[in-house]
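S.K.: Supplied in structure tokens, the structure appears directly below.
The values are calculated or read from the model by the stated rules, or taken from the named source; none is laboratory data. Here the structure is a predicted model, which is why all the values come from computation and not from measurement. Here the Cβ is made from the backbone with ideal geometry for all residues, glycine too, and neighbour counts use every protein chain on show.
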Amino acid sequence: MTALSPEQTIAVIGAGAMGAGVAQVAANAGHPVKLYDQAEGAAERAIERIARGLDRLVERGRISAEEQAALVSRIQPVDTLEEIGDAALVIEAIVEDLSIKQQLFRQLEGLCPEAILASNTSSLSITAIGSALQRPERLIGMHFFNPAPIMKLVEIIRGLASDPALAQTLFDTAQAWGKLAVHARSTPGFIVNRVARPYYAEALRLLQEGAADVPTLDALYREAGGFRMGPFELMDLIGQDVNYAVTASVHQAYYGDPRFTPSLIQKELVDAGWLGRKSGRGFYDYHEGAERPEPVTAELAEPPAEVSLIAPPPLLQPLRSLLEQAGIAHSAAEGEECSLISDAFTLCLTDGRMATLRAREDNLKNLVLFDLALDYEGCERIALCAAEQSAPEALRQASGLFQAMGKSVSLIEDVAGMVVMRTVCMLANEGADAVNQQVCDAAAVDTAMQAGVNYPKGPLAWADAIGLPRVLEVLDHLQHNYGEDRYRPSPLLLKHAAAGRSCHEPS
């Protein structure tokens, strides 16, 4: 089968923000859409909201008034489920409750005997929902992301009994609607809600260990890592209760796997009712007049007069270019490790060990570590930490070096793996495990995380750029540092690194 024809009717059950958004997407693609909600008048109000939202696009010249009117006219509110019997596809977007969804789909199965049935669930098992049906092969997960008209990703989820041909039809249909679709197997969290867990978990652990305060950590994720939002401001946007519930659900579904252990810090916020933007208070204060706290930035310091740069090829050129732009005398040579050495310091890229431990184990004097950045030439901020054995002047001159290269510097406590490096390695590890457990393929991981949560780079593509041996080194050091199974490396990373393959090359 191919994509559904625009002449075929799409029915959407549930007229909340997500259901209305899905209805708008389908109508925008030319389909007649029937929108149903059990609350009286809810479908009509949703269509009015869609029209008001489109007013802004008309004002900006993105669409014409005629196009707006045509789109809205294609969405028809219906009062009963019996009115959607002619639909080729029924998309459910109601409350996240297994028994309620099962009850709805049992009704739909009889009312729409030829339709493809799709659930927009973000967390429930498609297999479990389908178990209540006489023909569970008709049920597919079609997970849109909020707001559906804007967010590009759609996860197409196959339950145990789902018909692969119907899944492909929905994949093709989503693509025809202008979305980026990915296939996934029905497992807890699917792709995005599973692979994204370390973004929150590592930030929360760093906060718990006093690595830096919330605004500084958020700034490092944005200005060094290139993420659209820092994890703490993102959790406030999502809602602390929602984000915590997803983590707890995934943790429980994977039988207590420590990779998904919820944070006590986040639980305390939920218990206090500090749920983020919607409650006026979360990690940040959103009440009127509240000032946004600034990240902690190191005072300006003098750089060293001269440094020696040793780095692998991917890092050698950008760091050398920065030194040249800063007018700092330097020599440069290729090597496996990345370090900048002066009379005052030895400055190294983190390998996952604490600086204090690395200085002792490798007999390095005045050791200072710097964190991973998405793009060293383009990034605005960098994190540094020093070994406790190092002289204060080493950290000052190391800060001065990066400041001379145009970076804001945040000095953090000496924690294993620093901020961006440990988080990216854990994201890559979780993505690799999803591939290893046949949830999806490597391309789907990267597409999902970039299109679904706006990551600056797919986690597996980022791992390939860092180098799988370095990613495994960081994970090994994190596991040794904490003594926890949470940081165990994925078998897929181990296998591909041993074979000299990238994450995207088939085994």
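S.K.: Take residue 494 and tell me if it is outside the structural domain of residue 357 (by TED's automatic domain parsing), crowded, with 24+ Cβ neighbours inside 10 Å and modelled with pLDDT of 95 or more. Walk me through it before giving the result.
M.R.: Numbers: outside the structural domain of residue 357 (by TED's automatic domain parsing): yes; crowded, with 24+ Cβ neighbours inside 10 Å: no; modelled with pLDDT of 95 or more: yes.
Taking the combined requirement at face value, the residue does not satisfy it.
S.K.: Sticking with this one: Tell me which residues, restricted to segment 122-142, are buried (at least 23 other Cβ atoms within 10 Å of the Cβ) and in contact with a Leu (Cβ under 8 Å, 6 or more places away or on another chain).
M.R.: Here is the first cut: in segment 122-142, the ones buried (at least 23 other Cβ atoms within 10 Å of the Cβ) are 126, 129-130, 138-142.
Once the filter is applied, which keeps residues that are buried (at least 23 other Cβ atoms within 10 Å of the Cβ) and in contact with a Leu (Cβ under 8 Å, 6 or more places away or on another chain), segment 122-142 yields 126, 129, 130, 138, 139, 140, 142.
S.K.: Another question, if that's okay. Quick one: is residue 21 surrounded by 14 or more Cβ atoms within 10 Å (Cβ to Cβ), part of a loop (DSSP other than H, G, I, E, B) and either over 34 Å from the mean Cα position of the chain (by Cα) or modelled with pLDDT of 95 or more (or both)?
M.R.: On the way: surrounded by 14 or more Cβ atoms within 10 Å (Cβ to Cβ): yes; part of a loop (DSSP other than H, G, I, E, B): no; either over 34 Å from the mean Cα position of the chain (by Cα) or modelled with pLDDT of 95 or more (or both): yes.
For residue 21, the condition - surrounded by 14 or more Cβ atoms within 10 Å (Cβ to Cβ), part of a loop (DSSP other than H, G, I, E, B) and either over 34 Å from the mean Cα position of the chain (by Cα) or modelled with pLDDT of 95 or more (or both) - is not met.
S.K.: Now for a different question. Under 7 Å between Cβ atoms, which residue pairs at least 6 apart in sequence (or on different chains) link something in segment 361-374 that is at negative phi with a partner that is in a strand (DSSP E or B) and among the β-branched types (Val, Ile, Thr)?
M.R.: As it stands, the answer is 364/346; 365/346; 367/346; 370/382; 371/382; 373/382, since those pairs meet every condition given.
S.K.: I would also like to ask the following. Scanning segment 313-331 for residues that are surrounded by 15 or more Cβ atoms within 10 Å (Cβ to Cβ) and in contact (Cβ under 8 Å) with a residue 24 or more places away in the chain, which turns out nearest to residue 471 (Cα to Cα)? Steps first, please.
M.R.: Of segment 313-331, the ones surrounded by 15 or more Cβ atoms within 10 Å (Cβ to Cβ) are 315-316, 318-320, 322-323, 326, 328, 330.
Pick out the ones that are also in contact (Cβ under 8 Å) with a residue 24 or more places away in the chain and you get 315, 318-319, 322-323, 326, 328, 330.
Working: 315: 15, 318: 20, 319: 20, 322: 25, 323: 26, 326: 30, 328: 30, 330: 28 Å.
Going through the qualifying residues, I end up with 315.
S.K.: Checking residue 310 against (1) modelled with pLDDT of 95 or more; (2) in the same structural domain as residue 383 (by TED's automatic domain parsing); (3) assigned to a helix (DSSP H, G or I); (4) surrounded by 15 or more Cβ atoms within 10 Å (Cβ to Cβ), which single condition isn't satisfied?
M.R.: (3)
S.K.: Checking residue 440 against (1) under 30 Å from residue 297 (Cβ atoms); (2) hydrophobic (A, V, I, L, M, F, W, C); (3) part of a loop (DSSP other than H, G, I, E, B): exactly one of these is not met. Which one?
M.R.: (1)
S.K.: Could you check segment 100-142 and list, in sequence order, the residues that are among the hydroxyl-bearing types (Ser, Thr, Tyr) and either more than 12 Å from residue 90 (Cβ to Cβ) or over 26 Å from the mean Cα position of the chain (by Cα) (or both)?
M.R.: Those that are among the hydroxyl-bearing types (Ser, Thr, Tyr) and either more than 12 Å from residue 90 (Cβ to Cβ) or over 26 Å from the mean Cα position of the chain (by Cα) (or both): 121, 122, 123, 125, 127, 131.
S.K.: On the given criteria, is residue 182 among the hydrophobic types (A, V, I, L, M, F, W, C), modelled with pLDDT of 95 or more, surrounded by 24 or more Cβ atoms within 10 Å (Cβ to Cβ) and closer than 19 Å to residue 437 by Cβ? Step through it out loud before you land on a result.
M.R.: On the way: among the hydrophobic types (A, V, I, L, M, F, W, C): yes; modelled with pLDDT of 95 or more: yes; surrounded by 24 or more Cβ atoms within 10 Å (Cβ to Cβ): yes; closer than 19 Å to residue 437 by Cβ: yes.
Against the criterion (among the hydrophobic types (A, V, I, L, M, F, W, C), modelled with pLDDT of 95 or more, surrounded by 24 or more Cβ atoms within 10 Å (Cβ to Cβ) and closer than 19 Å to residue 437 by Cβ), residue 182 qualifies.
S.K.: Right, here's the next one. Looking at (1) in contact with a Cys (Cβ under 7 Å, 6 or more places away or on another chain); (2) farther than 24 Å from residue 442 by Cβ, find the lone condition where residue 184 falls short.
M.R.: Residue 184 satisfies all of (1) in contact with a Cys (Cβ under 7 Å, 6 or more places away or on another chain); (2) farther than 24 Å from residue 442 by Cβ except (2).
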